[in-house]
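Structure, as structure tokens:
The values are calculated or read from the model by the stated rules, or taken from the named source; none is laboratory data. Small disclaimer: the values here were computed from a predicted structure and weren't measured. Don't worry about glycine lacking a Cβ; one is built from the backbone with ideal geometry, like all the others, and counts go over all protein chains shown. The accessibility values were calculated without ligands, DNA or RNA, using every heavy atom of the protein model including side chains. Shrake-Rupley method; radii C 1.70, N 1.55, O 1.52, S 1.80 Å.
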Amino acid sequence: MKKILTTLCFATLASLAYAEGNAHSLTVGEGFVEPLGFHDATPSFSWKLPEGVKAQSAFQMEVRDVQSRTTVWDSGWMESDQSVLVPYGGTPLASRQQLAWRVRFRDETGTDSDWSELAHFEMGLLTSKDWKAQWISPKEEADPKKEAVAWLRREFPASGKIAHARLHVTARGVFEIELNGEKVGNDHFANGWTSYKHRLDTLTYDVTAQLREGGNAITAMLGTGWYAGRIGWKHQKNLFGQHPELLLQLEITYQDGATEILVSDGEWQATFDGPILSSSLYDGEEYDARKPVSGWGAVATSADLGSARLIPKPFAPVRKTEELAVQSISEPESGRFVFDLGQNMVGWAKLNIPVEKDQTVTIRFAEMLNTDGTMYTVNYRSAKSTDTYTAAKTGTIEWEPSFTFHGFRYVELSGVPNGATPEKGWVTGVVLHSDLPRVGTFESSHEKLNQLQSNIIWGQRGNFLDIPTDCPQRDERLGWTGDAQVFCPTSMFNYDCHAFWKSWLGSMRDDQMAEGQIPHVIPDVLGNGDSPGWMDAATFIPWEVYVRTGDLEVLAENFQMMERLVGYYRSKAEDGLISKGRKKGLAGFGDWLQPYASDAKGDTPLDLLTTAYYARSTKILADSARVLGKTAEAKKYASAAAVVRQAFTKHYFDEGGKLKNTPETQTAYLLAIAFDLIPAELQEKAVVHLVRLVHDADDHLRTGFLGTPYITQVLDQTRHADLAFTVLFKETYPSWFYSINQGATTMWERWNSYSHEDGFGDAGMNSFNHYAYGAIGQWMYERIAGLCPDPAHPGYKHFFVHPVIGGPFDWVRAELETPYGKASSGWKREDGKITMEVAIPPNTTATVVFPNGRKSETVGAGTYHFSLDM
């Protein structure tokens, strides 16, 4: 292959001025744009340079207090090319403080830019000491058979013209607030799900425009949510507390400078007597429009705020992000109308339907249909996933629930008036998930590969609902660590998950067990955890987030957790190995749901998996120590990792690179090579056996949750990219395209959750929205498209454009909004040549490795076109 043409394109600038309206390019912390209720008293700052600038050589940044109009930090001119996550150098910021900041830079030629426009942010209430409010809840007892919703209210005057007002609120449970009859904010399931014993997130809202001089009324709805509602498949309730409670503080500043605070206290009123009879995350919502909110009574109060930290929510809440229209309607049974949205999704159904007085409309949900067109719901297990609406009068109503969500493609309505002809407008699918910015796109000339990318995206959207869940529909919906660990790299290409993962890792630190192991699920509601590949989310995820963001803090704040996990592994090891025959081995889930395995845990022995992950986590810990400047720890853990690696090689591999003392499995070979557990010369031999196993399986994978992320990666890196493409593009079971051929619109839990030939898989564990196997996305983005981060220069300060050409398609293109700006890589086969287009954002460099590795070139910011002979 010969490079025959290179062209370079730069935009021409008349001056180094930021574009008008540039505030979006200035962010605080983990990518926040002008946040209200910010969480970090010593934040970092990032900015993107204008197009046409190649690099930054220096910068100056100013941070000002808006109220006092004083400068709280002026960096002065700093000789640095750092424009991402620049640490604040002033006095720690205070609760409620309002800040404005700006930056200017010097480019590679020594030319200074103008100052940027001002960007703003405002601090939330940073500690429990800032709260004057009390916890409140209805004094009356709720019906224990239901997940009752409480209403709480307070009327109050505003005694002057209002300058600004902030509402700070949290709950033990989930809440919605109305002020003078209007909903406050657009968040759902606030305040979210954390390890409630240790941490409660708080929300801050600007309610200046909703307050009025004179009389005002504030009302809160309070649901059980994760705090006191039903969680898990064992019908458990009240895992964190017996009943939900509200904590609220409204702070008003008047135009004359006077201030006033309204808090939740004994002056409020409360009731359970209202239209929402029950609202359960799993079971749905019962709504009776005939029952107005009434029966107001006293509240129970507690001035003891508890031991849990109260901190501003450090990532975006759940919000409505899209609405889906009905594609078709059927009536498989008389009076039961099934509405097909055409896409498996997570959220709820918004109704606009005719109703009859005193009649109840039942709304059921399903991901799939039975062969007769009826709703397939057995895979929801004990989750009822059913909403009901009882009409107060005959007419047309618009309605949607408040504190439940469902995983579904199909909506069934029954109980509508006799003779009513269903219309597509009766049902709208409301998509709900954590409101994270979309940052990456991937597309190609291959229809099914594009569908696979769509399925990955929808799997992520459906399971990033405040925490990373395994599934969104059955009686589970938990933060399984193994699923999250394998999917993290893929997730960070699709959405800006930086703050999302950091928050969840905070709950992981809170819930780490006494001996250092990590629970199976975070937040921990199961009370156990010792599964290799699952526990290692504590090391893998911080490292992957660091590589893709350059955030040292994610390593620093999790370093002790990582050390304790490795210490737990070490306590189980003897001479570097962990096995039941030596010391007590670990239990766990193995290579979960490997096809054709003897059981759900797969055929790769737990002893091998445990030692492999012990070695890999120890190596990550050593690398993290090195990056953090912890020289002694880096040396210590690198030495420890080498001991485990040597023991692994000696025990599990013969001189021919073949596995011994264990069954041969694809996953065993994959982990040995992917984790660099065997010497390079042995890897060359081991891959021969791996390839043999793949060929023995008719070029199909035989991997479960742990092995699947590595099969194409390892085949590619060992010069078997053609076989990697063959595995990826297989159409028959087990393969990614197999589920697509059965009609999948999301990732499935099993490779064969359903087939046209055999029907449904084991209903006991058969989710049709499960992102783990979507981990293939990482290889698609980093190797098929070629946008690959460089761990030595994290956050895409330097990255590789290294596409592998192959597969049955003609072109591919990926774009990624990196911390520095948009990067892209695309290639196309045409007229006997390969053409490449590459975009490198300002203040970064990239090494373009041309197909088959025959030539490379390191380039700076700009757009580049290459044409190569095939």
Self-check item: Top-ranked residue in segment 148-186 [being outside any strand (DSSP E or B) and closer than 29 Å to GLN255 by Cα; ranked as most open to solvent (accessible area, probe 1.4 Å)]
Solution: LYS161
Self-check item: Selection from segment 84-117 of residues that are part of a loop (DSSP other than H, G, I, E, B) and under 30 Å from the mean Cα position of the chain (by Cα)
Solution: VAL84, LEU85, TYR88, PRO92, LEU93, ALA94, SER95, ARG96, GLN97
Quiz item: What are the residues in segment 844-870 that are assigned to a strand (DSSP E or B), touching a residue at least 40 places away in the same chain (Cβ under 8 Å), small (Gly, Ala, Ser) and closer than 23 Å to HIS793 by Cβ, if any?
Solution: ALA846, GLY862
Quiz item: Of all residues in segment 342-371, how many are open to solvent by 10 Å² or more (accessible area, probe 1.4 Å) and either modelled with pLDDT under 95 or within 28 Å of SER454 (Cβ to Cβ) (or both)?
Solution: 9
Practice problem: Go through (1) aliphatic (A, V, I, L, M); (2) surrounded by fewer than 22 Cβ atoms within 10 Å (Cβ to Cβ); (3) more than 30 Å from ASN766 (Cβ to Cβ) one by one and return the number of the condition ALA597 breaks. | Solution: (3)
Quiz prompt | Number of the exception - ASN450 against (1) without any contact (Cβ under 8 Å) to a residue 24 or more places away in the chain; (2) assigned to a loop (DSSP other than H, G, I, E, B) | solution = (2)
Quiz prompt | Matching residues in segment 407-458 - criterion: being more than 30 Å from ARG829 (Cβ to Cβ), in contact with an Asp or Glu (Cβ under 7 Å, 6 or more places away or on another chain) and among the small types (Gly, Ala, Ser) | solution = GLY407, GLY429, SER434
Quiz item: Taking ALA724, is it within 19 Å of PHE809 (Cβ to Cβ) and open to solvent by less than 20 Å² (accessible area, probe 1.4 Å)?
Solution: yes
Exercise. Please go through segment 659-677 and pick out each residue that is small (Gly, Ala, Ser) and buried (at least 24 other Cβ atoms within 10 Å of the Cβ).
Key: ALA668, ALA672
Quiz prompt | Failed condition for LEU701, given (1) among the hydrophobic types (A, V, I, L, M, F, W, C); (2) open to solvent by 10 Å² or more (accessible area, probe 1.4 Å); (3) not in a helix (DSSP H, G or I) | solution = (2)
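Let's see how each residue does on (1) within 30 Å of LYS393 (Cα to Cα); (2) of a type outside the set (Asp, Glu); (3) without any contact (Cβ under 8 Å) to a residue 12 or more places away in the chain; (4) surrounded by fewer than 15 Cβ atoms within 10 Å (Cβ to Cβ):
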{"position": "VAL263", "(1), (2), (3), (4)": "no, yes, no, no"}
{"position": "GLY266", "(1), (2), (3), (4)": "no, yes, no, yes"}
{"position": "ALA300", "(1), (2), (3), (4)": "no, yes, no, no"}
{"position": "SER307", "(1), (2), (3), (4)": "no, yes, no, yes"}
{"position": "LEU324", "(1), (2), (3), (4)": "yes, yes, no, no"}
{"position": "GLN327", "(1), (2), (3), (4)": "yes, yes, no, yes"}
Exercise. Return a yes/no flag: does segment 751-765 have any residue that is touching a helix residue (DSSP H, G or I) at 6+ places or on another chain (Cβ under 8 Å), closer than 22 Å to VAL714 by Cα and crowded, with 19+ Cβ neighbours inside 10 Å.
Key: yes
Exercise. Tell me which residues, restricted to segment 720-735, are closer than 30 Å to PRO851 by Cα and either touching a strand residue (DSSP E or B) at 6+ places or on another chain (Cβ under 6 Å) or assigned to a loop (DSSP other than H, G, I, E, B) (or both).
Key: HIS720, PHE729, LYS730, GLU731, THR732, PRO734, SER735
Quiz item: Counting residues that are hydrophobic (A, V, I, L, M, F, W, C), which strands (runs of 3 or more DSSP E) fully inside segment 237-297 reach at least 1?
Solution: 245-254, 259-263, 269-271, 276-280
Exercise. Check ALA680 against each of (1) crowded, with 19+ Cβ neighbours inside 10 Å; (2) over 30 Å from GLU837 (Cβ atoms); (3) aliphatic (A, V, I, L, M) and name the one condition it does not meet.
Key: (1)
Exercise. Would you be able to say whether some residue in segment 417-424 is hydrophobic (A, V, I, L, M, F, W, C), in contact with a Pro (Cβ under 8 Å, 6 or more places away or on another chain), in contact (Cβ under 8 Å) with a residue 40 or more places away in the chain and surrounded by fewer than 17 Cβ atoms within 10 Å (Cβ to Cβ)?
Key: yes
Exercise. Test each condition in (1) touching a helix residue (DSSP H, G or I) at 6+ places or on another chain (Cβ under 7 Å); (2) outside any loop (DSSP other than H, G, I, E, B) for GLY215 and report the one that comes out false.
Key: (1)
Quiz item: Take the residues of segment 37-57 that are among the hydroxyl-bearing types (Ser, Thr, Tyr) and not in a loop (DSSP other than H, G, I, E, B): which is surrounded by the most Cβ atoms within 10 Å (Cβ to Cβ)?
Solution: SER46
Quiz prompt | Filtered residues of segment 58-75 (kept if assigned to a strand (DSSP E or B), surrounded by 15 or more Cβ atoms within 10 Å (Cβ to Cβ) and not acidic (Asp, Glu)) | solution = ALA58, PHE59, GLN60, MET61, VAL63, ARG64, VAL72, TRP73
Practice problem: Those residues that are open to solvent by 40 Å² or more (accessible area, probe 1.4 Å) and part of a loop (DSSP other than H, G, I, E, B), I need them from segment 820-843; list them, please. | Solution: ASP831, GLY832
Self-check item: Identity of the residue in segment 76-94, of a type in the set (Ser, Thr, Tyr) and crowded, with 18+ Cβ neighbours inside 10 Å, that ends up farthest from GLY821 (Cα to Cα)
Solution: TYR88
Practice problem: Test ILE805 against the stated conditions and say whether it is surrounded by fewer than 22 Cβ atoms within 10 Å (Cβ to Cβ), more than 13 Å from ALA823 (Cβ to Cβ), in contact (Cβ under 8 Å) with a residue 40 or more places away in the chain and of a type in the set (A, V, I, L, M). | Solution: yes
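For every residue, the table says whether it meets (1) over 24 Å from ASN191 (Cβ atoms); (2) surrounded by fewer than 23 Cβ atoms within 10 Å (Cβ to Cβ); (3) not small (Gly, Ala, Ser).
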{"site": "TRP501", "(1), (2), (3)": "no, no, yes"}
{"site": "MET508", "(1), (2), (3)": "no, no, yes"}
{"site": "GLY516", "(1), (2), (3)": "yes, yes, no"}
{"site": "PRO519", "(1), (2), (3)": "no, no, yes"}
{"site": "SER531", "(1), (2), (3)": "yes, no, no"}
{"site": "MET535", "(1), (2), (3)": "yes, no, yes"}
Practice problem: Could you tell me which numbered condition ASN186 fails, if it satisfies all but one of (1) in contact with a Gly (Cβ under 8 Å, 6 or more places away or on another chain); (2) farther than 30 Å from SER382 by Cα? | Solution: (1)
Exercise. Filter segment 449-476 down to residues that are open to solvent by 10 Å² or more (accessible area, probe 1.4 Å) and touching a Cys at 6+ places or on another chain (Cβ under 8 Å), then give me how many there are.
Key: 0
Practice problem: Exactly one condition in (1) buried (at least 23 other Cβ atoms within 10 Å of the Cβ); (2) part of a helix (DSSP H, G or I); (3) of a type outside the set (Lys, Arg) is not met by TYR738; state its number. | Solution: (1)
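Rundown of residues vs (1) under 30 Å from THR371 (Cα atoms); (2) modelled with pLDDT under 95; (3) part of a loop (DSSP other than H, G, I, E, B), yes/no style:
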residue	(1), (2), (3)
GLY764	yes, yes, no
GLY774	yes, no, no
TYR781	no, no, no
PRO791	no, no, yes
PHE799	no, no, no
PHE809	no, yes, yes
